[in-house]
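Asker: My questions will all concern the structure given below.
The values are calculated or read from the model by the stated rules, or taken from the named source; none is laboratory data. Bear in mind that the values here come from a model prediction, so they are computed numbers and not experimental data. Positions of Cβ are backbone-derived with ideal geometry, glycine not excepted, and every protein chain shown enters the neighbour counts.
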Number of protein chains: 2
Amino acid sequence: MVDLNSLLYPRSIAVVGASTQPDKVGGMPIRLLRELGYAGRVYPVNPSAAEVQGLRAYGSLADIGEPVDLAIVAVPASASQDVMVQLAGNGTRAAVVFTSGFAEAGEGGMRMQDMLARSARDAGVTLLGPNCLGAMNLRERMFATFSPIPLSGVPPVGEVGLVSQSGAFGAYAYALAREAGLGLSHWVTTGNEAGLQVADVIAWLANDPNTRVILAYIEGCRDGARLRQALGAARAAGKPVVVTKVGTTAAGARSAQSHTASLTGEDAVYQAVFDAYGVHRAHTLEEFFRLGYVLSRGRRPATSQRAAGADGGAVTPLAIVTVSGGVGIMMADRAEQLGLPLPPMPDAAAEALRTAIPFASTANPIDVTGQVVAQPRVFMDALAGVARSGAYGCVAAFLAGGANAPRLWPELQQTIGALSEDANAAPLLLAGIVDDDKRAWLEARGCLVFREPGHAVEAVATLARAAALEGARGAGTSTEAEPRQGMGDARLRNLSREARAQCALSEYEAMRLLADAGVPVAPHGLARDADEAVRIAEGLGYPVVVKLCSREILHKSDVGGVALNLADAQAVREAFARMAQAVALARTESGAPVPFEGVLVARMVRGWGEVMVGVRRDPVFGLVALAGIGGTAVEIFRQTACGLAPLSRAQARAMLCDSRAAALCEGHRGNPEVDLDTAAQVLATVSQLAADLGEHLDTLEINPFIVTAQGLVAADAVVTLRADRCSAS
Amino acid sequence: MVDLNSLLYPRSIAVVGASTQPDKVGGMPIRLLRELGYAGRVYPVNPSAAEVQGLRAYGSLADIGEPVDLAIVAVPASASQDVMVQLAGNGTRAAVVFTSGFAEAGEGGMRMQDMLARSARDAGVTLLGPNCLGAMNLRERMFATFSPIPLSGVPPVGEVGLVSQSGAFGAYAYALAREAGLGLSHWVTTGNEAGLQVADVIAWLANDPNTRVILAYIEGCRDGARLRQALGAARAAGKPVVVTKVGTTAAGARSAQSHTASLTGEDAVYQAVFDAYGVHRAHTLEEFFRLGYVLSRGRRPATSQRAAGADGGAVTPLAIVTVSGGVGIMMADRAEQLGLPLPPMPDAAAEALRTAIPFASTANPIDVTGQVVAQPRVFMDALAGVARSGAYGCVAAFLAGGANAPRLWPELQQTIGALSEDANAAPLLLAGIVDDDKRAWLEARGCLVFREPGHAVEAVATLARAAALEGARGAGTSTEAEPRQGMGDARLRNLSREARAQCALSEYEAMRLLADAGVPVAPHGLARDADEAVRIAEGLGYPVVVKLCSREILHKSDVGGVALNLADAQAVREAFARMAQAVALARTESGAPVPFEGVLVARMVRGWGEVMVGVRRDPVFGLVALAGIGGTAVEIFRQTACGLAPLSRAQARAMLCDSRAAALCEGHRGNPEVDLDTAAQVLATVSQLAADLGEHLDTLEINPFIVTAQGLVAADAVVTLRADRCSAS
């Protein structure tokens, strides 16, 4: 982990390129540090001024006469290399480089940036930027930025750390956080990321005692392993991470490439990474901050109240208490979409409510009706009754404008006050119009407040998910599959010399590899002549499939290299002859004859559906597994699920559910039910094999896995290796 | 259309059950009318007080001595019938009944409500309620409600009319509208809807000169025809309607049933109704009001800039101008999701921007970068350049906190001011933090302002859609199919006596009905004996399909009544013999033998996909057509589309796209492309046949339509008629 203490808790700061004009890039940080109360030493460096904004100026870093923790660099790009030499001489520990004109400005800039990064590394300087808006530590009132935005107000000090690749996004986020009163610990923008990346900041915040929730804005990630490590560190520390990742669509991704030098990966792969580490993803700014608010301030539902949702994610039973039936329905709609169960009101509480208000609805949503105005106590009793009943993980209440009503507020205070002191009471979330002072009072007692009723319900889902992840802290890795060192080499040793030389496996070899790894495959054999083909077919029992085995001919169906459903020896012989002839006619790209490697004879597997599974190499995040329904449906509905290999069985199961492939196992249309965990285990085993092959593997595809009464059976497999890694085996 | 003038523009108001205590249900309206400046006459009716809140009280309505326009009724449910008699005697035109304890309180209440509705109708009194929160006319300061909420402030008078079935929702919406500064014309809550329904209010607002946009909250609709008529009236008047309809999920729908006496229909059917009338649907309160804001204040993109999106909906080319690359990407992501094209910046404007800021991105999103601070004029020139270029329907700009910056604001004022006077300039939407006074200035010049960047993009999609609908005003009906009177009777006259007696068509009859209506069906014939079956098969050419024809045996495959892919006369004879035997063994529910009606012999249609089409009767909205991919896929992905029958070809086409069935026509996997309009016309023809059958029809299902090179061909059809309407034919 990169140490950011010198960057974010500096005892002294030099401003290189310090300006006497406070609104210039080199002047603003001095103004901010002085006006807003930074307690450390500030050294303006300016060769042509004796004094800068009332501070003694230094001609060079050397003149300061002591090492400084942090240097803020605001000199032209061309001078940056020289400054880095000075920093090395001074023993400066960290540098924030505002300057633009580096990688974002073309090839020349890219070269300068590489040099800057190299000299910072050599000098042991932690580098933020270039082309960034800087960093702040709100607690220490440390403002290493040239944005004037802190002059118009500073958000409260709090436990949310914010890191943004984009400066403009960071500034806007700062303003919105201030407006929403969201308490921040640190604020960091990483710009061109020549040194520090968003991932480094996340990893450091995961260990910062003043940060409890991490908000990150990402345009693209160049070092997938670093990001995964950082997210893993945050999870291990029990700190929720909220990410906004833009470029989710083709249009967005195109702009991301033109906007920064970073690689915008396929969105589904990012989502798989976020899912694997329990990251909360926000798609709007409003959601970004709302998640920050919920996760930093919200009480978690009790362990005893957490359950698994349909897709294996954590949910918790919810009570909705409302003064408006209509709004209660809106909230119930949202709860159902999020998979939150709405168990009915316990009998005692229901009885009490019905006695007080005969027309009240004691189903869940619990509708106390407009009678709340006349009988506020009944509403409060219902609220306290369900919160204490032990039947719910959270209680979401809609009170319209009620909290502000002079008759209701004291009653609400009394109820919330008592519940906040009761460790067994379920956390409460309130939706309605609430004045700022009352809102602050409620929040201080752990009661979150929302304007939009649906947001209170969404917060419950968020808190259930966060609680499950925080609860699994430490035990985190146990639910995950891990690559096994050396297994890949062992598996590859069994391959033919040809396979290793050409970096491609014939289908027979691919099937063997799968079978060795424990993946169910169609019973099969390799035949070199027609007699052998018939012998194998008779051993397996008809009908059989005959497929051409060749490393050279990739599209075997194009040359008649696939014969399905062969019913007798005659048909097998004919198929063999056709394929042998096709190979004899074929030529390699260089015009050479194609060697005949034989045909694969396999039992014709009968089932009622096809699942496709693939593992491919993502340039940023490595091996990624994909699963979905095979055949025409996948092309039409494009509903596939993605996960990082190796997958745990639970992750594989979630992927089968998300891609709807699980529906093929449910036993519709007279088909028997197939155990979903067993099917998931097959997928996990495939991903484990891919992970074992590790660096050697290029792609592995099984299309289709046939869904049969005995479970998934691989009927076709393609495995290709990476040319540059083949020799290593 | 029901006339609401007496309800919403009353010259005099009687409050029956008037209370001397201003915070009681019978006291609050008097307080509101007096304190907030209602100019008409107010008559408290209270038999036991001489004066009520400073006004002379009347012992009964008769004592008033003149007919009043509106009576506000706040007496117990049991007394309401008596009050209605008094209203009739007085000649009162409209009544708002606050009282609860009617339909929502069980059977007794339901009976009282029916009586109330009947006497109101007999007396010619327009009835709002019971169990409602009343109504307001903001312009006339007419507050016929017992909610104290207007005491704490009144929203500005404006052109948005709001109608809500739920009182509590209405009150909350009122408070949020006030807070957002959204100008309202009228506010109406309909409660139990014994008289006026939400639909009646929509229809009246469609003709109210003071209302331009209609916001409606609906829990359930009991009279589908009335709602459709109202939505049609609004569309004809060119007034956008925004609807929040709760109960979208099973959980929500269950609560809706317990909350009101209204029928909550299947959500997809409501959506089909909303789609058919161009209703804007909101799923959150925030969206409800945002749509109200956008539609009431937003300038529409020019006609020349409107295009058709992938699904046939209206879109418009958008320019995104941003000071943050990251936020630009977020906006581009949203634009792509909404199908808004982002054409590149015209050359001249791009050239000018690149000259001023070499690192600026002139792709779209157009990223002026943080240089906006140093060079505000460049941003303004880019904005004006794209707005005037004629290449875009709208311009969405992200300016972060820029509008509030002292150096930027005058420049922005100058630019927006000039653009607002240029009729050829594209409408501008701004995202960023903007102070209230500046925001008001911008809005007054037609420039909408948002906090969330994505909302500016969503607004563009909304405005494009609204503009298309408003543009089609009057011509509205020409794009729609209409049921044709009398056609159904003619079609049914050709049916056998048995079909009419049993309200069910044999498959042969169903196929004939389709063929007569112009729907392509598999060539076929009806065979009474084996020889005839073979003769027909040989006429058609092998392979053929043989299916049992029977009105009694609904699940013919269960008794071996379907034989596919028969290759010769022998196979046809065998199939015939099997089916004849199955019929001989079968018995009706009452134990009677099943008559043999023959077998259908049809050509085996070969294709590469199956589309299912069905028409069923929705209890609220009538005939609804459903389309989707047939076979297993539809069960797994459940992606079907729904529309009101009869469908226009454009509607049918949109349904094929929405359900992904259109993908089968795209010519993948070596299949030829099938003309989508021709396929859509088949769907439209089926829906037209269903509409012609009208009241006679129960269900019509074609599953599958086979997708062939010649287009869709029906291979199976089921038609059932309604028992109570059969005799009529």
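Asker: Since B:D381 meets every condition but one in (1) assigned by TED's automatic domain parsing to the domain that holds B:L469; (2) outside any strand (DSSP E or B); (3) surrounded by 22 or more Cβ atoms within 10 Å (Cβ to Cβ), which condition does it not meet?
Answerer: Going through (1) assigned by TED's automatic domain parsing to the domain that holds B:L469; (2) outside any strand (DSSP E or B); (3) surrounded by 22 or more Cβ atoms within 10 Å (Cβ to Cβ) one by one, B:D381 breaks only (3).
Asker: Which one of these is over 25 Å from B:Q113 (Cβ atoms) and touching a Phe, Trp or Tyr at 6+ places or on another chain (Cβ under 9 Å): B:G153, B:G161? If you could, list the steps in order and put the result at the bottom.
Answerer: On the way: B:G153 fails: touching a Phe, Trp or Tyr at 6+ places or on another chain (Cβ under 9 Å).
The match here is B:G161.
Asker: Quickly run through the range A:76-105 and pick out the residues that are β-branched (V, I, T), in a helix (DSSP H, G or I) and in contact with a Gly (Cβ under 9 Å, 6 or more places away or on another chain). Before the answer, list the steps.
Answerer: Let us first name the residues in the range A:76-105 that are β-branched (V, I, T), namely A:83, A:85, A:92, A:96-97, A:99.
Okay, now just the ones that are also in a helix (DSSP H, G or I), so A:83, A:85.
Hit for the range A:76-105 is A:V83, nothing else.
Asker: For the range B:155-162, state whether one or more residues are within 14 Å of another protein chain (Cβ to nearest Cβ) and of a type outside the set (A, V, I, L, M, F, W, C).
Answerer: So in the range B:155-162, the residues within 14 Å of another protein chain (Cβ to nearest Cβ) come out as B:155, B:162.
When the remaining residues are screened for being of a type outside the set (A, V, I, L, M, F, W, C), the result is B:155.
Within the range B:155-162, one or more residues are within 14 Å of another protein chain (Cβ to nearest Cβ) and of a type outside the set (A, V, I, L, M, F, W, C).
Asker: Related question: Check A:L399 against each of (1) within 11 Å of chain B (Cβ to nearest Cβ); (2) surrounded by fewer than 20 Cβ atoms within 10 Å (Cβ to Cβ); (3) among the hydrophobic types (A, V, I, L, M, F, W, C) and name the one condition it does not meet.
Answerer: If we test A:L399 against (1) within 11 Å of chain B (Cβ to nearest Cβ); (2) surrounded by fewer than 20 Cβ atoms within 10 Å (Cβ to Cβ); (3) among the hydrophobic types (A, V, I, L, M, F, W, C), just (2) comes out false.
Asker: Follow-up. Considering only residues that are part of a helix (DSSP H, G or I), within 13 Å of chain A (Cβ to nearest Cβ) and more than 17 Å from B:L428 (Cβ to Cβ), which ones fall in the range B:304-333?
Answerer: Step one: filter the range B:304-333 for residues part of a helix (DSSP H, G or I), giving B:304-305, B:325-333.
From the residues that got through so far, the ones that are within 13 Å of chain A (Cβ to nearest Cβ) too are B:325-333.
Within the range B:304-333, B:G325, B:G326, B:I329, B:M330, B:A332, B:D333 meet the criteria.
Asker: Looking at the range B:342-361, which of the residues that are facing chain A (nearest Cβ under 9 Å) and not aromatic (F, W, Y) is surrounded by the fewest Cβ atoms within 10 Å (Cβ to Cβ)?
Answerer: B:P358
Asker: Looking at the range B:299-349 only, could you name the residues that are touching a residue at least 60 places away in the same chain (Cβ under 8 Å) and β-branched (V, I, T)?
Answerer: Hits for the range B:299-349 are B:T303, B:V315, B:T316, B:I320, B:V321, B:T322, B:V323, B:V327.
Asker: Here are some residues: B:A627, B:A663, B:A641, B:A652. Which one is within 9 Å of another protein chain (Cβ to nearest Cβ), outside any loop (DSSP other than H, G, I, E, B) and among the small types (G, A, S)? Outline the logic, then answer.
Answerer: Details: B:A627 fails: within 9 Å of another protein chain (Cβ to nearest Cβ); B:A641 fails: within 9 Å of another protein chain (Cβ to nearest Cβ); B:A652 fails: within 9 Å of another protein chain (Cβ to nearest Cβ).
Of the residues listed, the single one that is within 9 Å of another protein chain (Cβ to nearest Cβ), outside any loop (DSSP other than H, G, I, E, B) and among the small types (G, A, S) is B:A663.
Asker: So how many residues does the range A:591-612 have that are part of a loop (DSSP other than H, G, I, E, B) and within 14 Å of chain B (Cβ to nearest Cβ)?
Answerer: Qualifying residue count for the region: 2.
Asker: Moving on to the next point. Go through A:V241, A:V188 for me and flag whichever is away from every other protein chain (no Cβ under 14 Å), within 25 Å of A:F102 (Cα to Cα) and among the β-branched types (V, I, T).
Answerer: A:V188
Asker: Under 7 Å between Cβ atoms, at least 6 apart or on separate chains: pull out the pairs that start in the range A:269-292 with a residue that is in the same structural domain as A:A468 (by TED's automatic domain parsing) and end on any residue that is at pLDDT 95 or above and buried (at least 22 other Cβ atoms within 10 Å of the Cβ).
Answerer: Nothing qualifies.
Asker: Follow-up. Tell me whether the range B:673-685 contains one or more residues that are farther than 15 Å from B:L656 by Cβ, without any contact (Cβ under 8 Å) to a residue 40 or more places away in the chain and surrounded by fewer than 19 Cβ atoms within 10 Å (Cβ to Cβ). Quick ask: steps written out before the conclusion?
Answerer: Let us first name the residues in the range B:673-685 that are farther than 15 Å from B:L656 by Cβ, namely none.
Within the range B:673-685 (the criterion being farther than 15 Å from B:L656 by Cβ, without any contact (Cβ under 8 Å) to a residue 40 or more places away in the chain and surrounded by fewer than 19 Cβ atoms within 10 Å (Cβ to Cβ)), the answer is no, since none of the residues qualifies.
Asker: Considering only the range A:563-577, state which residues are buried (at least 16 other Cβ atoms within 10 Å of the Cβ) and closer than 24 Å to A:N703 by Cα.
Answerer: Taking the range A:563-577 first, the residues buried (at least 16 other Cβ atoms within 10 Å of the Cβ) are A:563, A:566, A:569, A:571-573, A:575-576.
Scanning the range A:563-577 gives A:A563, A:L566, A:V572, A:A575, A:F576.
Asker: Can you confirm whether the range A:565-582 contains a residue that is free of Cβ contacts under 8 Å to residues at least 12 places away in the same chain and assigned to a loop (DSSP other than H, G, I, E, B)? Let's see the steps before the verdict.
Answerer: To start, the set of residues in the range A:565-582 that are free of Cβ contacts under 8 Å to residues at least 12 places away in the same chain comprises A:570-571, A:574, A:581.
Next, from what is left, pick out any that are assigned to a loop (DSSP other than H, G, I, E, B): none.
No, there is no match, as no residue in the range A:565-582 is free of Cβ contacts under 8 Å to residues at least 12 places away in the same chain and assigned to a loop (DSSP other than H, G, I, E, B).
Asker: Also, quick follow-up: Can you name every one of the helices (runs of 4 or more DSSP H) wholly within the range B:148-267 that holds 1 or more residues which are over 27 Å from B:E470 (Cα atoms), modelled with pLDDT under 95 and under 22 Å from the mean Cα position of the chain (by Cα)?
Answerer: B:167-180, B:250-259
Asker: Looking at A:S119, A:S166, can you tell me which residue is within 25 Å of A:A18 (Cα to Cα), out of contact with any Pro (no Cβ under 9 Å at 6 or more places or on another chain), buried (at least 24 other Cβ atoms within 10 Å of the Cβ) and not acidic (D, E)?
Answerer: The unique qualifying residue is A:S166.
Asker: Another question about this same structure. Among what's in the range B:430-453 and is hydrophobic (A, V, I, L, M, F, W, C) and in a helix (DSSP H, G or I), pick the residue that is farthest from the other protein chains (Cβ to nearest Cβ).
Answerer: B:A444
Asker: Moving to a separate point now. What number goes with the only condition from (1) facing chain A (nearest Cβ under 8 Å); (2) more than 20 Å from B:A400 (Cβ to Cβ); (3) in a loop (DSSP other than H, G, I, E, B) that B:E336 does not pass?
Answerer: That leaves (3) as the condition not met.
Asker: Would you mind stating whether A:A426 is away from chain B (no Cβ under 14 Å), modelled with pLDDT of 95 or more, surrounded by 24 or more Cβ atoms within 10 Å (Cβ to Cβ) and on the phi < 0 side of the Ramachandran plot?
Answerer: Judged against the criteria, A:A426 is a match.
Asker: Further question: If only one of A:G694, A:G670 is at positive phi and either touching a residue at least 40 places away in the same chain (Cβ under 8 Å) or assigned to a helix (DSSP H, G or I) (or both), which one is it?
Answerer: Working: A:G670 fails: either touching a residue at least 40 places away in the same chain (Cβ under 8 Å) or assigned to a helix (DSSP H, G or I) (or both).
Of A:G694, A:G670, the one residue that is at positive phi and either touching a residue at least 40 places away in the same chain (Cβ under 8 Å) or assigned to a helix (DSSP H, G or I) (or both) is A:G694.
Asker: Filter the range A:279-294 for residues that are surrounded by 21 or more Cβ atoms within 10 Å (Cβ to Cβ), more than 13 Å from A:L162 (Cβ to Cβ) and either among the β-branched types (V, I, T) or within 14 Å of another protein chain (Cβ to nearest Cβ) (or both) and give the result.
Answerer: Within the range A:279-294, A:V279, A:R290, A:V294 meet the criteria.
Asker: Sticking with this one: Can you confirm whether A:A173 is surrounded by 16 or more Cβ atoms within 10 Å (Cβ to Cβ) and in the same structural domain as A:G27 (by TED's automatic domain parsing)? Steps first, answer last, please.
Answerer: Details: surrounded by 16 or more Cβ atoms within 10 Å (Cβ to Cβ): yes; in the same structural domain as A:G27 (by TED's automatic domain parsing): no.
No: the conditions fail for A:A173.
Asker: Further, regarding this structure: Within the range A:13-31, can you find the residues that are in contact with a strand residue (DSSP E or B) (Cβ under 6 Å, 6 or more places away or on another chain) and more than 17 Å from A:G124 (Cβ to Cβ)?
Answerer: Just the residues of the range A:13-31 that are in contact with a strand residue (DSSP E or B) (Cβ under 6 Å, 6 or more places away or on another chain), to begin with: A:13-16, A:18, A:20, A:29-30.
Within the range A:13-31, A:I13, A:V15, A:V16, A:A18, A:T20, A:P29, A:I30 meet the criteria.
Asker: Continuing with this model, one more query. Could you grab the pairs with beta carbons closer than 6 Å, sequence gap of 6+ or different chains, first residue in the range B:23-49 and buried (at least 21 other Cβ atoms within 10 Å of the Cβ), second one hydroxyl-bearing (S, T, Y) and outside any loop (DSSP other than H, G, I, E, B)?
Answerer: Cβ pairs passing all conditions: B:Y43/B:Y58; B:V45/B:Y58.
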